[in-house]
Number of protein chains: 2
Amino acid sequence: MSGSVAIVGLGPGDRSLVTPAATAALDRATDLIGYIPYVARVPERPGLTRHPSDNRVEVDRARHALTLASEGRHVAIVSGGDPGVFAMAAAVFEAVEHGDPAWRSLSITVEPGITAMLAAAARLGAPMGGDFCALSLSDNLKPWEVVTARLEAVLRADLVVALYNPISSARPWQLGAALGLALEIRDATTPVAFARAVTRPDEALRVMTLEEARQAPADMATLVIIGASGTRLIPRGPGERPFLYTPRSVPAGR
Amino acid sequence: MSGSVAIVGLGPGDRSLVTPAATAALDRATDLIGYIPYVARVPERPGLTRHPSDNRVEVDRARHALTLASEGRHVAIVSGGDPGVFAMAAAVFEAVEHGDPAWRSLSITVEPGITAMLAAAARLGAPMGGDFCALSLSDNLKPWEVVTARLEAVLRADLVVALYNPISSARPWQLGAALGLALEIRDATTPVAFARAVTRPDEALRVMTLEEARQAPADMATLVIIGASGTRLIPRGPGERPFLYTPRSVPAGR
(Lines give C-alpha, C1' and ligand atoms only; values in the text may rest on other atoms or scores of the structure.)
Protein backbone atom coordinates (compact mmCIF):
# COMPACT_ATOMS: atom_id res chain seq x y z
CA MET A 1 0.00 0.00 0.00
CA SER A 2 1.51 3.31 -1.01
CA GLY A 3 -1.22 5.71 0.10
CA SER A 4 -0.85 8.05 3.03
CA VAL A 5 -2.78 10.03 5.61
CA ALA A 6 -1.51 13.39 6.92
CA ILE A 7 -3.46 14.87 9.83
CA VAL A 8 -2.82 18.58 9.47
CA GLY A 9 -3.25 21.36 12.02
CA LEU A 10 -4.42 24.64 10.48
CA GLY A 11 -3.91 26.69 13.64
CA PRO A 12 -6.47 29.12 15.04
CA GLY A 13 -7.46 30.71 11.73
CA ASP A 14 -5.02 33.32 10.47
CA ARG A 15 -3.01 32.04 7.51
CA SER A 16 0.20 33.45 8.97
CA LEU A 17 -0.06 30.86 11.76
CA VAL A 18 -0.15 27.83 9.41
CA THR A 19 3.30 26.25 9.48
CA PRO A 20 5.20 25.70 6.23
CA ALA A 21 5.18 21.97 7.06
CA ALA A 22 1.37 21.99 7.17
CA THR A 23 1.20 23.89 3.89
CA ALA A 24 3.57 21.39 2.27
CA ALA A 25 1.44 18.47 3.50
CA LEU A 26 -1.65 20.09 1.97
CA ASP A 27 0.24 20.63 -1.30
CA ARG A 28 1.05 16.91 -1.52
CA ALA A 29 -2.53 15.74 -0.95
CA THR A 30 -4.82 14.26 -3.58
CA ASP A 31 -7.80 14.29 -1.20
CA LEU A 32 -8.86 16.71 1.51
CA ILE A 33 -11.14 15.60 4.34
CA GLY A 34 -12.52 17.60 7.23
CA TYR A 35 -15.30 19.49 8.87
CA ILE A 36 -16.71 22.08 6.39
CA PRO A 37 -15.20 25.27 7.88
CA TYR A 38 -11.70 23.76 8.02
CA VAL A 39 -11.84 22.43 4.44
CA ALA A 40 -12.99 25.92 3.40
CA ARG A 41 -9.69 27.36 4.68
CA VAL A 42 -7.68 25.39 2.09
CA PRO A 43 -7.55 26.95 -1.41
CA GLU A 44 -8.96 24.87 -4.28
CA ARG A 45 -6.50 23.57 -6.88
CA PRO A 46 -6.48 21.07 -9.76
CA GLY A 47 -5.76 17.55 -8.59
CA LEU A 48 -7.21 18.04 -5.10
CA THR A 49 -10.54 16.33 -4.42
CA ARG A 50 -12.39 17.93 -1.53
CA HIS A 51 -14.59 15.97 0.87
CA PRO A 52 -16.10 18.53 3.27
CA SER A 53 -18.32 16.96 5.88
CA ASP A 54 -20.77 18.15 8.50
CA ASN A 55 -20.75 14.74 10.13
CA ARG A 56 -19.94 15.21 13.81
CA VAL A 57 -18.76 11.60 14.16
CA GLU A 58 -15.03 12.10 13.77
CA VAL A 59 -14.25 8.39 13.55
CA ASP A 60 -16.38 8.19 10.38
CA ARG A 61 -14.19 10.83 8.76
CA ALA A 62 -11.10 8.96 9.94
CA ARG A 63 -12.30 5.68 8.39
CA HIS A 64 -13.09 7.46 5.14
CA ALA A 65 -9.56 8.85 5.03
CA LEU A 66 -7.96 5.48 5.81
CA THR A 67 -10.07 3.75 3.15
CA LEU A 68 -9.00 6.27 0.51
CA ALA A 69 -5.36 5.91 1.57
CA SER A 70 -5.59 2.12 1.32
CA GLU A 71 -6.64 2.67 -2.32
CA GLY A 72 -3.38 4.58 -2.89
CA ARG A 73 -4.63 8.14 -2.37
CA HIS A 74 -2.71 10.77 -0.41
CA VAL A 75 -5.21 12.14 2.04
CA ALA A 76 -4.94 15.26 4.20
CA ILE A 77 -7.34 15.45 7.14
CA VAL A 78 -7.59 19.03 8.37
CA SER A 79 -8.24 20.17 11.94
CA GLY A 80 -8.39 23.62 13.42
CA GLY A 81 -5.65 24.33 15.95
CA ASP A 82 -3.43 21.33 16.66
CA PRO A 83 -4.79 17.96 15.50
CA GLY A 84 -3.50 16.27 18.66
CA VAL A 85 -5.51 18.49 21.03
CA PHE A 86 -9.21 17.51 21.19
CA ALA A 87 -9.23 17.07 17.42
CA MET A 88 -8.79 14.53 14.61
CA ALA A 89 -5.50 12.79 15.44
CA ALA A 90 -6.83 10.60 18.26
CA ALA A 91 -9.90 9.74 16.14
CA VAL A 92 -7.65 8.50 13.34
CA PHE A 93 -5.61 6.27 15.65
CA GLU A 94 -8.82 4.91 17.22
CA ALA A 95 -9.97 3.98 13.71
CA VAL A 96 -6.60 2.37 12.96
CA GLU A 97 -6.61 0.31 16.14
CA HIS A 98 -10.10 -1.06 15.60
CA GLY A 99 -10.08 -1.21 11.79
CA ASP A 100 -8.48 -3.12 8.91
CA PRO A 101 -5.09 -4.46 10.10
CA ALA A 102 -3.60 -3.35 6.78
CA TRP A 103 -4.19 0.29 7.81
CA ARG A 104 -1.30 -0.07 10.30
CA SER A 105 1.13 -0.25 7.36
CA LEU A 106 0.00 3.07 5.90
CA SER A 107 2.12 6.19 6.23
CA ILE A 108 0.23 8.19 8.87
CA THR A 109 1.75 11.48 9.95
CA VAL A 110 0.63 14.39 12.11
CA GLU A 111 1.52 18.01 11.30
CA PRO A 112 1.22 20.02 14.49
CA GLY A 113 -0.47 23.41 14.63
CA ILE A 114 -0.93 26.34 17.00
CA THR A 115 -3.61 25.15 19.41
CA ALA A 116 -6.32 27.55 20.59
CA MET A 117 -5.07 27.97 24.16
CA LEU A 118 -1.60 29.01 23.03
CA ALA A 119 -2.94 31.34 20.33
CA ALA A 120 -5.23 32.92 22.93
CA ALA A 121 -2.43 33.11 25.48
CA ALA A 122 -0.18 34.90 22.98
CA ARG A 123 -2.85 37.54 22.32
CA LEU A 124 -3.46 38.09 26.04
CA GLY A 125 0.11 38.13 27.36
CA ALA A 126 1.44 34.99 29.03
CA PRO A 127 -1.41 33.48 31.09
CA MET A 128 -0.03 29.92 30.67
CA GLY A 129 3.36 31.03 32.02
CA GLY A 130 3.29 28.48 34.88
CA ASP A 131 2.04 24.91 35.11
CA PHE A 132 -1.21 24.46 33.19
CA CYS A 133 -3.70 21.94 31.87
CA ALA A 134 -6.14 21.56 29.00
CA LEU A 135 -9.50 19.96 29.75
CA SER A 136 -12.41 19.34 27.41
CA LEU A 137 -15.63 20.31 29.15
CA SER A 138 -17.67 18.13 26.82
CA ASP A 139 -19.41 15.17 28.41
CA ASN A 140 -20.14 13.58 25.04
CA LEU A 141 -17.15 11.26 25.36
CA LYS A 142 -16.66 11.02 29.12
CA PRO A 143 -18.99 11.09 32.12
CA TRP A 144 -19.66 14.50 33.67
CA GLU A 145 -18.41 13.11 36.99
CA VAL A 146 -14.99 12.59 35.39
CA VAL A 147 -15.01 16.14 34.03
CA THR A 148 -15.77 17.64 37.44
CA ALA A 149 -13.36 15.38 39.34
CA ARG A 150 -10.52 16.39 37.01
CA LEU A 151 -11.47 20.05 37.17
CA GLU A 152 -11.57 19.99 40.96
CA ALA A 153 -8.16 18.30 41.11
CA VAL A 154 -6.42 20.82 38.86
CA LEU A 155 -8.12 23.78 40.54
CA ARG A 156 -6.93 22.57 43.95
CA ALA A 157 -3.43 21.98 42.55
CA ASP A 158 -3.36 25.64 41.41
CA LEU A 159 -2.76 24.98 37.72
CA VAL A 160 -3.89 27.44 35.08
CA VAL A 161 -6.86 25.75 33.39
CA ALA A 162 -7.75 25.99 29.70
CA LEU A 163 -11.28 24.75 28.99
CA TYR A 164 -11.91 23.51 25.46
CA ASN A 165 -15.47 22.84 24.18
CA PRO A 166 -16.94 24.92 27.02
CA ILE A 167 -20.49 25.13 25.70
CA SER A 168 -22.82 24.13 22.86
CA SER A 169 -26.56 24.15 22.25
CA ALA A 170 -26.72 20.56 23.51
CA ARG A 171 -24.54 21.37 26.56
CA PRO A 172 -25.81 24.74 27.81
CA TRP A 173 -25.17 24.50 31.58
CA GLN A 174 -21.79 22.78 31.92
CA LEU A 175 -19.67 25.93 31.71
CA GLY A 176 -21.69 27.63 34.43
CA ALA A 177 -21.30 24.57 36.63
CA ALA A 178 -17.55 24.48 35.99
CA LEU A 179 -17.13 28.17 36.86
CA GLY A 180 -19.28 27.63 39.96
CA LEU A 181 -16.92 24.85 41.04
CA ALA A 182 -13.96 27.14 40.38
CA LEU A 183 -15.53 29.82 42.60
CA GLU A 184 -15.70 27.34 45.48
CA ILE A 185 -11.93 26.76 45.21
CA ARG A 186 -10.36 29.94 43.80
CA ASP A 187 -10.73 33.56 44.78
CA ALA A 188 -13.63 35.43 43.17
CA THR A 189 -11.14 37.97 41.80
CA THR A 190 -9.10 35.34 39.91
CA PRO A 191 -8.61 36.54 36.32
CA VAL A 192 -10.55 34.61 33.68
CA ALA A 193 -10.26 35.08 29.91
CA PHE A 194 -12.88 34.24 27.30
CA ALA A 195 -11.05 34.12 23.97
CA ARG A 196 -13.35 33.74 20.99
CA ALA A 197 -12.29 33.04 17.38
CA VAL A 198 -8.69 34.05 18.07
CA THR A 199 -6.92 35.61 15.03
CA ARG A 200 -10.12 35.42 12.95
CA PRO A 201 -12.05 38.49 11.77
CA ASP A 202 -14.64 38.02 14.51
CA GLU A 203 -12.05 37.65 17.30
CA ALA A 204 -13.25 38.78 20.74
CA LEU A 205 -11.03 38.76 23.83
CA ARG A 206 -12.52 39.45 27.24
CA VAL A 207 -10.70 39.43 30.56
CA MET A 208 -12.79 39.52 33.72
CA THR A 209 -12.93 38.17 37.26
CA LEU A 210 -14.07 34.64 38.01
CA GLU A 211 -17.17 36.13 39.67
CA GLU A 212 -18.02 38.07 36.50
CA ALA A 213 -17.28 35.09 34.25
CA ARG A 214 -20.33 33.22 35.53
CA GLN A 215 -22.58 35.78 33.80
CA ALA A 216 -20.52 36.21 30.62
CA PRO A 217 -21.76 34.82 27.30
CA ALA A 218 -19.76 32.11 25.53
CA ASP A 219 -20.20 29.92 22.47
CA MET A 220 -18.58 26.96 20.72
CA ALA A 221 -15.78 29.15 19.36
CA THR A 222 -14.77 30.30 22.84
CA LEU A 223 -11.72 29.08 24.75
CA VAL A 224 -11.85 29.76 28.49
CA ILE A 225 -8.71 30.29 30.58
CA ILE A 226 -9.05 30.26 34.37
CA GLY A 227 -6.05 31.82 36.07
CA ALA A 228 -4.06 30.31 38.94
CA SER A 229 -3.55 32.07 42.27
CA GLY A 230 -0.54 33.89 40.84
CA THR A 231 -2.15 35.01 37.58
CA ARG A 232 -2.33 38.78 37.39
CA LEU A 233 -3.15 41.79 35.25
CA ILE A 234 -0.79 44.61 34.36
CA PRO A 235 -2.92 47.74 33.87
CA ARG A 236 -2.07 49.92 30.88
CA GLY A 237 -3.21 53.22 29.48
CA PRO A 238 -6.81 54.19 28.63
CA GLY A 239 -8.30 51.99 25.92
CA GLU A 240 -5.49 49.48 26.12
CA ARG A 241 -6.26 45.92 27.21
CA PRO A 242 -4.21 44.99 30.28
CA PHE A 243 -1.53 42.32 29.93
CA LEU A 244 -2.56 39.02 31.55
CA TYR A 245 0.21 36.76 32.78
CA THR A 246 1.17 34.04 35.22
CA PRO A 247 4.60 34.45 36.83
CA ARG A 248 6.95 31.50 36.49
CA SER A 249 7.72 31.48 40.20
CA VAL A 250 5.58 30.00 42.94
CA PRO A 251 6.47 31.31 46.42
CA ALA A 252 6.99 28.80 49.22
CA GLY A 253 3.89 28.09 51.25
CA ARG A 254 1.37 28.47 48.44
CA MET B 1 7.87 55.68 22.61
CA SER B 2 7.73 53.95 19.26
CA GLY B 3 9.89 50.93 19.96
CA SER B 4 8.54 47.40 20.21
CA VAL B 5 9.21 43.97 21.64
CA ALA B 6 8.09 40.80 19.86
CA ILE B 7 8.51 37.57 21.80
CA VAL B 8 8.86 34.97 19.08
CA GLY B 9 8.42 31.21 19.24
CA LEU B 10 10.80 29.32 16.97
CA GLY B 11 9.13 25.93 17.46
CA PRO B 12 11.01 22.72 18.22
CA GLY B 13 13.83 23.24 15.74
CA ASP B 14 12.91 22.35 12.16
CA ARG B 15 12.50 25.46 10.02
CA SER B 16 9.32 24.12 8.47
CA LEU B 17 7.64 24.47 11.88
CA VAL B 18 8.36 28.20 12.23
CA THR B 19 5.13 30.05 11.44
CA PRO B 20 5.11 32.76 8.73
CA ALA B 21 4.00 35.19 11.46
CA ALA B 22 7.13 34.41 13.48
CA THR B 23 9.32 34.80 10.39
CA ALA B 24 7.70 38.17 9.64
CA ALA B 25 8.33 39.35 13.20
CA LEU B 26 11.99 38.40 12.88
CA ASP B 27 12.20 40.23 9.54
CA ARG B 28 10.93 43.45 11.17
CA ALA B 29 13.43 43.37 14.06
CA THR B 30 16.40 45.66 14.46
CA ASP B 31 17.70 43.69 17.45
CA LEU B 32 17.65 40.01 18.27
CA ILE B 33 17.91 38.80 21.87
CA GLY B 34 17.95 35.26 23.19
CA TYR B 35 19.80 32.29 24.54
CA ILE B 36 22.72 31.45 22.20
CA PRO B 37 21.28 28.33 20.48
CA TYR B 38 18.00 30.10 19.67
CA VAL B 39 19.70 33.21 18.28
CA ALA B 40 21.83 30.86 16.16
CA ARG B 41 18.69 29.59 14.43
CA VAL B 42 17.98 33.03 12.93
CA PRO B 43 19.96 33.88 9.76
CA GLU B 44 22.21 36.95 9.91
CA ARG B 45 21.23 39.93 7.79
CA PRO B 46 22.25 43.61 7.46
CA GLY B 47 20.37 45.83 9.87
CA LEU B 48 19.90 43.14 12.51
CA THR B 49 22.02 43.48 15.64
CA ARG B 50 22.38 40.17 17.45
CA HIS B 51 22.63 39.90 21.25
CA PRO B 52 23.15 36.20 22.01
CA SER B 53 23.39 35.48 25.72
CA ASP B 54 24.30 32.55 27.89
CA ASN B 55 22.83 34.29 30.90
CA ARG B 56 20.35 31.90 32.53
CA VAL B 57 18.52 34.77 34.25
CA GLU B 58 15.68 35.30 31.81
CA VAL B 59 14.45 38.49 33.47
CA ASP B 60 17.83 40.11 32.69
CA ARG B 61 17.29 39.38 28.99
CA ALA B 62 13.77 40.75 29.24
CA ARG B 63 14.97 44.01 30.81
CA HIS B 64 17.64 44.36 28.15
CA ALA B 65 14.98 43.99 25.45
CA LEU B 66 12.62 46.48 27.10
CA THR B 67 15.43 49.00 27.53
CA LEU B 68 16.35 48.78 23.86
CA ALA B 69 12.68 49.12 22.86
CA SER B 70 12.31 52.21 25.03
CA GLU B 71 15.14 53.71 22.98
CA GLY B 72 13.07 53.15 19.84
CA ARG B 73 14.51 49.82 18.71
CA HIS B 74 12.37 46.94 17.40
CA VAL B 75 13.47 43.96 19.42
CA ALA B 76 12.71 40.30 18.80
CA ILE B 77 13.25 37.98 21.76
CA VAL B 78 13.51 34.39 20.57
CA SER B 79 12.43 31.28 22.46
CA GLY B 80 12.42 27.64 21.45
CA GLY B 81 8.95 26.11 21.18
CA ASP B 82 6.19 28.48 22.27
CA PRO B 83 7.30 31.57 24.22
CA GLY B 84 4.28 31.27 26.52
CA VAL B 85 5.17 27.76 27.74
CA PHE B 86 8.01 27.76 30.30
CA ALA B 87 9.86 30.31 28.19
CA MET B 88 10.47 34.04 27.72
CA ALA B 89 6.96 35.54 27.58
CA ALA B 90 6.22 35.36 31.31
CA ALA B 91 9.71 36.70 32.06
CA VAL B 92 9.05 39.76 29.89
CA PHE B 93 5.75 40.53 31.61
CA GLU B 94 7.39 40.08 35.01
CA ALA B 95 9.97 42.66 33.97
CA VAL B 96 7.23 44.99 32.71
CA GLU B 97 5.23 44.74 35.92
CA HIS B 98 8.19 45.47 38.17
CA GLY B 99 10.09 47.83 35.86
CA ASP B 100 9.88 51.34 34.38
CA PRO B 101 6.16 52.32 34.17
CA ALA B 102 6.82 53.68 30.67
CA TRP B 103 7.46 50.10 29.48
CA ARG B 104 3.70 49.45 29.77
CA SER B 105 3.12 51.75 26.79
CA LEU B 106 5.43 49.80 24.50
CA SER B 107 4.06 47.55 21.79
CA ILE B 108 4.67 44.08 23.24
CA THR B 109 3.46 41.13 21.19
CA VAL B 110 3.83 37.37 21.43
CA GLU B 111 4.17 35.15 18.33
CA PRO B 112 3.16 31.63 19.29
CA GLY B 113 5.13 28.57 18.25
CA ILE B 114 4.84 24.79 18.26
CA THR B 115 5.65 23.81 21.84
CA ALA B 116 7.75 20.72 22.56
CA MET B 117 4.94 18.53 23.92
CA LEU B 118 2.81 19.02 20.81
CA ALA B 119 5.74 18.52 18.44
CA ALA B 120 6.62 15.33 20.30
CA ALA B 121 3.00 14.19 20.35
CA ALA B 122 2.73 14.66 16.59
CA ARG B 123 5.80 12.49 15.99
CA LEU B 124 4.52 9.75 18.32
CA GLY B 125 0.85 9.60 17.29
CA ALA B 126 -1.70 11.34 19.50
CA PRO B 127 -0.65 10.80 23.13
CA MET B 128 -2.26 14.10 24.25
CA GLY B 129 -5.60 13.07 22.72
CA GLY B 130 -7.45 13.38 26.04
CA ASP B 131 -7.18 15.83 28.93
CA PHE B 132 -3.56 16.71 29.64
CA CYS B 133 -1.27 19.01 31.57
CA ALA B 134 2.17 20.54 31.26
CA LEU B 135 4.33 20.73 34.39
CA SER B 136 7.84 22.06 34.77
CA LEU B 137 9.83 19.68 36.92
CA SER B 138 12.34 22.39 37.80
CA ASP B 139 12.44 23.46 41.41
CA ASN B 140 14.49 26.56 40.62
CA LEU B 141 11.38 28.76 40.66
CA LYS B 142 8.99 26.82 42.91
CA PRO B 143 9.43 24.58 45.94
CA TRP B 144 9.83 20.86 45.25
CA GLU B 145 6.83 20.24 47.52
CA VAL B 146 4.68 22.23 45.06
CA VAL B 147 6.04 20.22 42.13
CA THR B 148 5.21 16.90 43.77
CA ALA B 149 1.80 18.01 45.07
CA ARG B 150 0.81 19.10 41.56
CA LEU B 151 2.20 15.95 40.00
CA GLU B 152 0.33 13.75 42.45
CA ALA B 153 -2.93 15.63 41.80
CA VAL B 154 -2.78 15.29 38.01
CA LEU B 155 -1.65 11.66 38.20
CA ARG B 156 -4.62 10.81 40.43
CA ALA B 157 -6.96 12.76 38.11
CA ASP B 158 -5.74 10.55 35.22
CA LEU B 159 -4.48 13.35 32.98
CA VAL B 160 -1.73 12.75 30.46
CA VAL B 161 1.32 14.53 31.91
CA ALA B 162 4.00 16.35 29.91
CA LEU B 163 7.09 17.08 31.99
CA TYR B 164 9.20 20.03 30.84
CA ASN B 165 12.70 20.63 32.24
CA PRO B 166 12.88 17.06 33.56
CA ILE B 167 16.56 17.03 34.43
CA SER B 168 19.79 19.03 34.43
CA SER B 169 23.24 18.68 35.92
CA ALA B 170 22.07 20.75 38.91
CA ARG B 171 18.84 18.71 39.26
CA PRO B 172 19.89 15.11 38.71
CA TRP B 173 17.39 13.20 40.90
CA GLN B 174 14.05 14.96 40.39
CA LEU B 175 12.96 13.00 37.30
CA GLY B 176 13.56 9.69 39.05
CA ALA B 177 11.55 10.88 42.03
CA ALA B 178 8.71 12.01 39.77
CA LEU B 179 8.61 8.69 37.93
CA GLY B 180 8.71 6.90 41.26
CA LEU B 181 5.67 8.87 42.39
CA ALA B 182 3.94 8.01 39.12
CA LEU B 183 4.63 4.31 39.74
CA GLU B 184 2.83 4.54 43.07
CA ILE B 185 -0.29 5.85 41.32
CA ARG B 186 -0.28 4.47 37.77
CA ASP B 187 0.18 0.97 36.45
CA ALA B 188 3.80 -0.10 35.82
CA THR B 189 2.88 -0.84 32.18
CA THR B 190 1.64 2.73 31.52
CA PRO B 191 3.29 3.99 28.31
CA VAL B 192 5.90 6.70 28.78
CA ALA B 193 7.67 8.59 26.00
CA PHE B 194 11.06 10.31 26.19
CA ALA B 195 11.20 12.70 23.24
CA ARG B 196 14.59 14.30 22.77
CA ALA B 197 15.43 17.17 20.37
CA VAL B 198 12.24 16.65 18.38
CA THR B 199 12.61 17.52 14.65
CA ARG B 200 16.31 18.30 15.10
CA PRO B 201 19.11 16.22 13.54
CA ASP B 202 19.78 14.50 16.86
CA GLU B 203 16.11 13.64 17.50
CA ALA B 204 15.56 10.52 19.60
CA LEU B 205 12.11 9.14 20.42
CA ARG B 206 11.75 6.32 22.91
CA VAL B 207 8.51 4.71 24.07
CA MET B 208 8.68 2.40 27.07
CA THR B 209 6.74 1.36 30.16
CA LEU B 210 6.66 3.48 33.28
CA GLU B 211 8.68 0.76 35.01
CA GLU B 212 11.36 0.92 32.32
CA ALA B 213 11.34 4.74 32.28
CA ARG B 214 12.92 4.89 35.74
CA GLN B 215 16.16 3.47 34.30
CA ALA B 216 16.13 5.39 31.01
CA PRO B 217 18.60 8.22 30.38
CA ALA B 218 17.33 11.75 29.84
CA ASP B 219 18.87 15.19 29.44
CA MET B 220 17.88 18.84 29.25
CA ALA B 221 16.61 18.46 25.68
CA THR B 222 14.19 15.68 26.69
CA LEU B 223 10.44 16.09 27.03
CA VAL B 224 8.76 13.33 29.05
CA ILE B 225 5.16 12.26 28.44
CA ILE B 226 3.48 10.00 31.01
CA GLY B 227 0.38 8.32 29.61
CA ALA B 228 -3.04 8.18 31.27
CA SER B 229 -4.85 4.94 32.06
CA GLY B 230 -6.31 4.89 28.55
CA THR B 231 -3.07 5.65 26.68
CA ARG B 232 -2.12 2.75 24.44
CA LEU B 233 0.22 1.49 21.75
CA ILE B 234 -0.78 0.21 18.32
CA PRO B 235 1.83 -2.36 17.27
CA ARG B 236 3.06 -2.16 13.68
CA GLY B 237 5.34 -4.17 11.42
CA PRO B 238 8.98 -5.11 12.18
CA GLY B 239 11.20 -2.08 12.53
CA GLU B 240 8.28 0.32 12.69
CA ARG B 241 7.71 2.35 15.87
CA PRO B 242 4.24 1.69 17.31
CA PHE B 243 1.70 4.47 17.28
CA LEU B 244 1.11 5.95 20.75
CA TYR B 245 -2.27 7.52 21.43
CA THR B 246 -4.83 8.41 24.07
CA PRO B 247 -8.46 7.77 23.09
CA ARG B 248 -10.82 10.74 23.39
CA SER B 249 -13.35 8.70 25.35
CA VAL B 250 -13.21 7.86 29.03
CA PRO B 251 -15.48 4.95 30.00
CA ALA B 252 -17.82 5.37 32.96
CA GLY B 253 -16.36 4.15 36.24
CA ARG B 254 -12.76 5.03 35.50
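The values are calculated or read from the model by the stated rules, or taken from the named source; none is laboratory data. Just so it is clear, the structure is predicted and the values come from calculations on it, not from any experiment. We place every Cβ from the backbone using ideal geometry, glycine too, and count neighbours over all the protein chains shown.
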Segments classed as strands (runs of 3 or more DSSP E), wholly inside the stretch B:128-246, with at least 2 members that are within 11 Å of another protein chain (Cβ to nearest Cβ): B:132-136, B:160-164, B:232-234, B:243-245
Only one of (1) modelled with pLDDT of 95 or more; (2) of a type outside the set (K, R); (3) out of contact with any helix residue (DSSP H, G or I) (no Cβ under 8 Å at 6 or more places or on another chain) does not apply to A:V57, and that is (1)
Do you know which of the residues in the stretch B:172-212 that are more than 20 Å from the chain's Cα centre (by Cα) and closer than 30 Å to B:S16 by Cβ is surrounded by the fewest Cβ atoms within 10 Å (Cβ to Cβ)? B:M208
Note on B:S105: of the conditions (1) crowded, with 24+ Cβ neighbours inside 10 Å; (2) among the polar types (S, T, N, Q); (3) within 7 Å of chain A (Cβ to nearest Cβ), unmet is (1)
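With the requirement that a residue be on the phi > 0 side of the Ramachandran plot and either of a type in the set (F, W, Y) or within 18 Å of the chain's Cα centre (by Cα) (or both), what does the stretch B:129-171 give you?
Filtering the stretch B:129-171 down to residues on the phi > 0 side of the Ramachandran plot leaves B:158, B:165.
B:N165 - this is the single residue of the stretch B:129-171 that is on the phi > 0 side of the Ramachandran plot and either of a type in the set (F, W, Y) or within 18 Å of the chain's Cα centre (by Cα) (or both).
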Any residue at all in the stretch A:113-125 that's over 23 Å from A:V8 (Cα atoms) and buried (at least 22 other Cβ atoms within 10 Å of the Cβ)? yes
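Would you say B:S168 is over 25 Å from A:T148 (Cβ atoms) and surrounded by fewer than 21 Cβ atoms within 10 Å (Cβ to Cβ)? Don't jump to the end; show me each part of the working.
Numbers: over 25 Å from A:T148 (Cβ atoms): yes; surrounded by fewer than 21 Cβ atoms within 10 Å (Cβ to Cβ): yes.
In short, yes.
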